[in-house]
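Step one of this worksheet: look at the structure below.
The values are calculated or read from the model by the stated rules, or taken from the named source; none is laboratory data. As the structure is a computational prediction, the values presented were derived from the model and not from experiment. Reconstructed Cβ throughout: ideal geometry from the backbone, glycine too, with neighbour counts over all protein chains shown. The protein model used for the area step is the full one, side chains on, heavy atoms only, and it has no ligands, DNA or RNA in it. Shrake-Rupley method; radii C 1.70, N 1.55, O 1.52, S 1.80 Å.
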Amino acid sequence: MAAMVFEVLTIFPALIEAYTSESIMRRAREKGVVEVFVYDIREFTTDRHRQVDDYPYGGGAGMILKPDPVCRALEHLDRDGEERLKVLLTPAGRVFDQSLAEEYARSRGRILLIAGRYEGVDERIRSFVDEELSIGDYVLTGGELPALVIIDAVTRLLPGAVGDSRSVREESFTTGLLDYPQYTRPPDFRGMKVPEVLLSGNHELIRRWRRKEALRRTLRRRPDLLRKARLDEEDRRLLKEIKEEEQWR
Ligand code: SAM
(Lines give C-alpha, C1' and ligand atoms only; values in the text may rest on other atoms or scores of the structure.)
Protein backbone atom coordinates (compact mmCIF):
# COMPACT_ATOMS: atom_id res chain seq x y z
CA MET A 1 0.00 0.00 0.00
CA ALA A 2 1.38 3.44 -0.94
CA ALA A 3 2.49 5.62 1.96
CA MET A 4 0.62 8.76 2.89
CA VAL A 5 2.93 11.72 2.27
CA PHE A 6 3.30 14.91 4.30
CA GLU A 7 5.41 17.80 3.12
CA VAL A 8 6.09 20.78 5.36
CA LEU A 9 7.31 24.23 4.36
CA THR A 10 8.88 25.97 7.34
CA ILE A 11 11.74 28.17 8.41
CA PHE A 12 12.43 25.75 11.29
CA PRO A 13 12.82 22.29 9.68
CA ALA A 14 14.47 20.84 12.80
CA LEU A 15 11.23 21.26 14.78
CA ILE A 16 9.37 18.99 12.37
CA GLU A 17 12.22 16.49 12.10
CA ALA A 18 12.57 16.24 15.90
CA TYR A 19 8.95 15.24 16.54
CA THR A 20 8.54 12.96 13.56
CA SER A 21 11.76 11.09 14.39
CA GLU A 22 10.49 9.66 17.69
CA SER A 23 7.97 7.13 18.96
CA ILE A 24 4.94 6.24 16.80
CA MET A 25 5.87 8.76 14.10
CA ARG A 26 9.33 7.28 13.75
CA ARG A 27 7.97 3.73 13.51
CA ALA A 28 5.30 4.77 11.00
CA ARG A 29 8.01 6.34 8.84
CA GLU A 30 10.26 3.29 9.16
CA LYS A 31 7.40 0.96 8.26
CA GLY A 32 6.59 3.03 5.17
CA VAL A 33 3.10 3.90 6.45
CA VAL A 34 3.88 7.59 6.13
CA GLU A 35 6.58 9.73 4.55
CA VAL A 36 7.50 13.18 5.87
CA PHE A 37 9.52 15.65 3.80
CA VAL A 38 10.55 18.98 5.23
CA TYR A 39 11.59 21.98 3.16
CA ASP A 40 13.30 25.08 4.48
CA ILE A 41 11.62 28.18 3.05
CA ARG A 42 14.95 30.01 3.38
CA GLU A 43 16.42 27.71 0.72
CA PHE A 44 14.09 29.37 -1.77
CA THR A 45 15.25 32.94 -1.20
CA THR A 46 17.34 34.63 -3.89
CA ASP A 47 18.94 37.53 -2.00
CA ARG A 48 22.30 37.55 -0.26
CA HIS A 49 20.76 37.74 3.23
CA ARG A 50 18.30 34.92 2.56
CA GLN A 51 15.56 37.08 3.98
CA VAL A 52 12.15 35.44 4.43
CA ASP A 53 10.35 38.30 6.23
CA ASP A 54 9.69 41.97 5.67
CA TYR A 55 7.86 44.94 7.22
CA PRO A 56 4.08 45.17 6.87
CA TYR A 57 2.75 47.71 4.41
CA GLY A 58 0.72 50.28 6.31
CA GLY A 59 2.87 49.88 9.42
CA GLY A 60 2.15 47.95 12.60
CA ALA A 61 3.95 45.50 14.84
CA GLY A 62 6.08 42.60 13.70
CA MET A 63 7.19 41.17 10.39
CA ILE A 64 5.39 39.30 7.61
CA LEU A 65 6.51 36.15 5.78
CA LYS A 66 7.31 37.23 2.22
CA PRO A 67 5.33 35.64 -0.63
CA ASP A 68 8.24 35.03 -3.00
CA PRO A 69 10.22 32.29 -1.20
CA VAL A 70 7.01 30.41 -0.35
CA CYS A 71 5.81 30.53 -3.96
CA ARG A 72 9.20 29.46 -5.28
CA ALA A 73 9.08 26.49 -2.91
CA LEU A 74 5.60 25.56 -4.15
CA GLU A 75 6.70 25.83 -7.79
CA HIS A 76 9.76 23.70 -7.07
CA LEU A 77 7.61 20.98 -5.50
CA ASP A 78 5.02 21.08 -8.27
CA ARG A 79 7.69 20.24 -10.80
CA ASP A 80 7.48 16.59 -9.73
CA GLY A 81 4.00 16.44 -11.29
CA GLU A 82 2.48 14.87 -8.14
CA GLU A 83 -0.96 15.93 -6.99
CA ARG A 84 -0.86 17.51 -3.54
CA LEU A 85 -3.33 19.26 -1.29
CA LYS A 86 -1.76 22.59 -0.36
CA VAL A 87 -2.71 23.74 3.11
CA LEU A 88 -1.90 27.07 4.71
CA LEU A 89 -1.85 26.96 8.51
CA THR A 90 -3.54 30.02 9.96
CA PRO A 91 -5.75 30.85 12.95
CA ALA A 92 -8.21 32.19 10.36
CA GLY A 93 -8.66 28.76 8.73
CA ARG A 94 -11.31 26.06 9.02
CA VAL A 95 -10.86 24.31 12.36
CA PHE A 96 -9.18 20.91 11.99
CA ASP A 97 -11.02 18.10 13.78
CA GLN A 98 -11.19 14.32 14.00
CA SER A 99 -13.53 13.95 11.05
CA LEU A 100 -11.13 15.89 8.82
CA ALA A 101 -8.26 13.75 10.15
CA GLU A 102 -10.28 10.68 9.11
CA GLU A 103 -10.98 12.16 5.68
CA TYR A 104 -7.27 12.83 5.10
CA ALA A 105 -6.31 9.37 6.37
CA ARG A 106 -8.83 7.75 3.98
CA SER A 107 -7.47 9.79 1.06
CA ARG A 108 -3.90 8.51 1.66
CA GLY A 109 -2.85 11.44 -0.46
CA ARG A 110 -0.03 13.94 -0.39
CA ILE A 111 -0.56 16.91 1.88
CA LEU A 112 1.65 19.98 1.90
CA LEU A 113 1.49 22.09 5.05
CA ILE A 114 2.76 25.68 5.04
CA ALA A 115 3.85 26.89 8.46
CA GLY A 116 3.67 30.65 8.90
CA ARG A 117 5.74 32.67 11.38
CA TYR A 118 6.04 36.24 12.66
CA GLU A 119 2.81 38.24 12.37
CA GLY A 120 1.64 35.87 9.64
CA VAL A 121 2.06 35.45 5.91
CA ASP A 122 1.57 37.87 3.01
CA GLU A 123 -2.11 37.69 2.03
CA ARG A 124 -1.23 36.82 -1.60
CA ILE A 125 0.10 33.40 -0.53
CA ARG A 126 -3.52 32.42 0.02
CA SER A 127 -4.19 32.32 -3.70
CA PHE A 128 -1.67 29.46 -4.12
CA VAL A 129 -3.28 27.07 -1.62
CA ASP A 130 -6.31 24.76 -1.65
CA GLU A 131 -7.24 24.95 2.01
CA GLU A 132 -6.59 27.05 5.11
CA LEU A 133 -6.59 25.22 8.43
CA SER A 134 -6.49 26.27 12.06
CA ILE A 135 -5.95 23.88 14.95
CA GLY A 136 -8.05 25.93 17.36
CA ASP A 137 -9.00 29.35 18.60
CA TYR A 138 -5.66 30.48 19.98
CA VAL A 139 -2.55 31.97 18.42
CA LEU A 140 0.79 30.13 18.37
CA THR A 141 4.13 31.62 17.40
CA GLY A 142 4.37 29.50 14.26
CA GLY A 143 2.68 26.87 12.12
CA GLU A 144 5.08 24.07 13.07
CA LEU A 145 3.00 22.80 16.01
CA PRO A 146 -0.21 22.95 13.93
CA ALA A 147 1.57 21.01 11.15
CA LEU A 148 2.69 18.38 13.67
CA VAL A 149 -0.76 18.18 15.23
CA ILE A 150 -2.28 17.43 11.83
CA ILE A 151 0.45 14.95 10.84
CA ASP A 152 0.13 13.14 14.16
CA ALA A 153 -3.67 12.99 14.20
CA VAL A 154 -3.80 11.64 10.62
CA THR A 155 -0.87 9.23 10.90
CA ARG A 156 -2.25 7.37 13.89
CA LEU A 157 -5.38 6.59 11.86
CA LEU A 158 -3.39 4.95 9.05
CA PRO A 159 -3.43 1.13 9.09
CA GLY A 160 -0.23 -0.17 10.68
CA ALA A 161 0.73 3.07 12.43
CA VAL A 162 -0.56 2.22 15.91
CA GLY A 163 0.11 -1.24 17.36
CA ASP A 164 -3.46 -2.13 18.35
CA SER A 165 -5.92 -0.52 15.94
CA ARG A 166 -8.77 -1.02 18.46
CA SER A 167 -7.33 1.84 20.53
CA VAL A 168 -7.87 4.16 17.57
CA ARG A 169 -11.35 2.88 16.78
CA GLU A 170 -12.74 3.29 20.29
CA GLU A 171 -11.35 6.59 21.50
CA SER A 172 -12.77 10.11 21.88
CA PHE A 173 -14.52 11.65 18.84
CA THR A 174 -14.11 8.54 16.65
CA THR A 175 -17.45 7.30 17.92
CA GLY A 176 -18.81 10.84 18.14
CA LEU A 177 -18.46 10.75 21.94
CA LEU A 178 -15.71 11.46 24.45
CA ASP A 179 -13.79 8.40 25.62
CA TYR A 180 -14.95 6.41 28.67
CA PRO A 181 -12.85 6.55 31.90
CA GLN A 182 -9.82 4.23 31.86
CA TYR A 183 -8.07 2.57 34.82
CA THR A 184 -4.95 0.49 35.34
CA ARG A 185 -3.39 -1.09 38.43
CA PRO A 186 -3.57 -0.76 41.40
CA PRO A 187 -7.27 -1.50 42.05
CA ASP A 188 -7.20 0.84 45.05
CA PHE A 189 -5.14 4.03 44.66
CA ARG A 190 -5.14 6.20 47.79
CA GLY A 191 -8.64 5.10 48.63
CA MET A 192 -9.98 5.61 45.08
CA LYS A 193 -11.25 2.29 43.79
CA VAL A 194 -11.52 0.98 40.25
CA PRO A 195 -15.23 0.46 39.44
CA GLU A 196 -16.21 -3.09 40.40
CA VAL A 197 -17.62 -3.92 36.96
CA LEU A 198 -14.19 -3.56 35.31
CA LEU A 199 -12.83 -6.33 37.55
CA SER A 200 -15.82 -8.61 36.88
CA GLY A 201 -14.54 -10.20 33.67
CA ASN A 202 -18.07 -9.90 32.25
CA HIS A 203 -17.44 -8.46 28.78
CA GLU A 204 -21.04 -7.51 28.09
CA LEU A 205 -21.38 -5.63 31.38
CA ILE A 206 -18.06 -3.89 30.78
CA ARG A 207 -19.05 -2.87 27.26
CA ARG A 208 -22.36 -1.44 28.51
CA TRP A 209 -20.69 0.38 31.42
CA ARG A 210 -18.12 1.96 29.09
CA ARG A 211 -20.73 3.11 26.64
CA LYS A 212 -22.81 4.58 29.45
CA GLU A 213 -19.84 6.42 30.98
CA ALA A 214 -18.81 7.76 27.55
CA LEU A 215 -22.35 9.09 27.17
CA ARG A 216 -22.33 10.52 30.71
CA ARG A 217 -19.00 12.26 30.19
CA THR A 218 -20.08 13.70 26.84
CA LEU A 219 -23.42 14.86 28.27
CA ARG A 220 -21.68 16.64 31.14
CA ARG A 221 -18.68 18.09 29.33
CA ARG A 222 -19.57 18.40 25.66
CA PRO A 223 -23.33 18.32 25.11
CA ASP A 224 -22.65 19.89 21.70
CA LEU A 225 -21.02 16.61 20.59
CA LEU A 226 -23.94 14.58 21.84
CA ARG A 227 -26.34 16.48 19.62
CA LYS A 228 -24.29 15.46 16.55
CA ALA A 229 -23.45 11.87 17.63
CA ARG A 230 -25.05 8.83 16.00
CA LEU A 231 -27.03 7.27 18.84
CA ASP A 232 -28.83 3.92 18.74
CA GLU A 233 -31.71 2.55 20.85
CA GLU A 234 -29.39 1.35 23.60
CA ASP A 235 -27.69 4.78 23.78
CA ARG A 236 -31.03 6.50 24.19
CA ARG A 237 -31.98 4.07 26.99
CA LEU A 238 -28.63 4.65 28.71
CA LEU A 239 -28.99 8.42 28.41
CA LYS A 240 -32.42 8.20 30.01
CA GLU A 241 -30.91 6.18 32.88
CA ILE A 242 -28.10 8.74 33.27
CA LYS A 243 -30.51 11.66 33.38
CA GLU A 244 -32.62 9.89 35.99
CA GLU A 245 -29.53 9.07 38.08
CA GLU A 246 -28.27 12.65 37.86
CA GLN A 247 -31.58 13.93 39.21
CA TRP A 248 -31.03 11.96 42.43
CA ARG A 249 -27.50 13.31 42.99
N1 SAM B 1 -1.32 37.62 13.15
C2 SAM B 1 -1.83 36.31 12.86
C3 SAM B 1 -3.32 36.30 13.18
O4 SAM B 1 -3.74 36.99 14.09
O5 SAM B 1 -4.01 35.49 12.54
C6 SAM B 1 -1.14 35.25 13.71
C7 SAM B 1 0.20 34.90 13.24
S8 SAM B 1 0.94 33.64 14.21
C9 SAM B 1 1.78 34.54 15.44
C10 SAM B 1 2.20 33.04 13.19
C11 SAM B 1 1.86 31.78 12.43
O12 SAM B 1 1.57 30.73 13.30
C13 SAM B 1 0.66 31.87 11.51
O14 SAM B 1 1.00 32.42 10.26
C15 SAM B 1 0.24 30.42 11.38
O16 SAM B 1 0.96 29.74 10.38
C17 SAM B 1 0.64 29.83 12.73
N18 SAM B 1 -0.48 29.67 13.66
C19 SAM B 1 -0.63 30.30 14.85
N20 SAM B 1 -1.73 29.89 15.48
C21 SAM B 1 -2.31 28.95 14.68
C22 SAM B 1 -3.48 28.15 14.79
N23 SAM B 1 -4.30 28.24 15.83
N24 SAM B 1 -3.76 27.29 13.79
C25 SAM B 1 -2.93 27.20 12.71
N26 SAM B 1 -1.82 27.94 12.55
C27 SAM B 1 -1.50 28.80 13.52
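Would you say Leu226 is in contact (Cβ under 8 Å) with a residue 24 or more places away in the chain and within 25 Å of the chain's Cα centre (by Cα)?
On the way: in contact (Cβ under 8 Å) with a residue 24 or more places away in the chain: yes; within 25 Å of the chain's Cα centre (by Cα): yes.
Spelling it out, Leu226 is indeed in contact (Cβ under 8 Å) with a residue 24 or more places away in the chain and within 25 Å of the chain's Cα centre (by Cα).
For the range 141-156, give me the residue count where each residue is near the ligand (Cβ under 6 Å from one of its atoms) and either under 26 Å from Val168 (Cβ atoms) or among the basic types (Lys, Arg) (or both).
First, pick out the residues of the range 141-156 that are near the ligand (Cβ under 6 Å from one of its atoms): 141-143, 146.
Checking which are either under 26 Å from Val168 (Cβ atoms) or among the basic types (Lys, Arg) (or both) leaves us with 143, 146.
So the count comes out to 2.
So which residues in the range 24-47 are assigned to a helix (DSSP H, G or I) and of a type in the set (Phe, Trp, Tyr)? So that I can check it myself, show each step before the final result.
Pass one, the range 24-47, residues assigned to a helix (DSSP H, G or I): 24-30, 41-44.
Selection gives Phe44 alone.
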Considering residues of the range 78-125 that are under 17 Å from Val52 (Cβ atoms) and part of a helix (DSSP H, G or I) only, the residue least open to solvent (accessible area, probe 1.4 Å): Ile125
Answer from Asp164, Asp130, Asp137, Asp188 - the residue that is open to solvent by 40 Å² or more (accessible area, probe 1.4 Å), in contact with a Leu (Cβ under 6 Å, 6 or more places away or on another chain) and of a type in the set (D, E, K, R): Asp130
Residues (assigned to a loop (DSSP other than H, G, I, E, B) and at pLDDT below 95) located in the range 232-249: Trp248, Arg249
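Just to be sure before I move on: is Val121 in contact with a Pro (Cβ under 7 Å, 6 or more places away or on another chain), within 16 Å of the ligand (Cβ to nearest atom) and more than 30 Å from Glu170 (Cβ to Cβ) in the structure I sent?
Numbers: in contact with a Pro (Cβ under 7 Å, 6 or more places away or on another chain): no; within 16 Å of the ligand (Cβ to nearest atom): yes; more than 30 Å from Glu170 (Cβ to Cβ): yes.
No, not satisfied.
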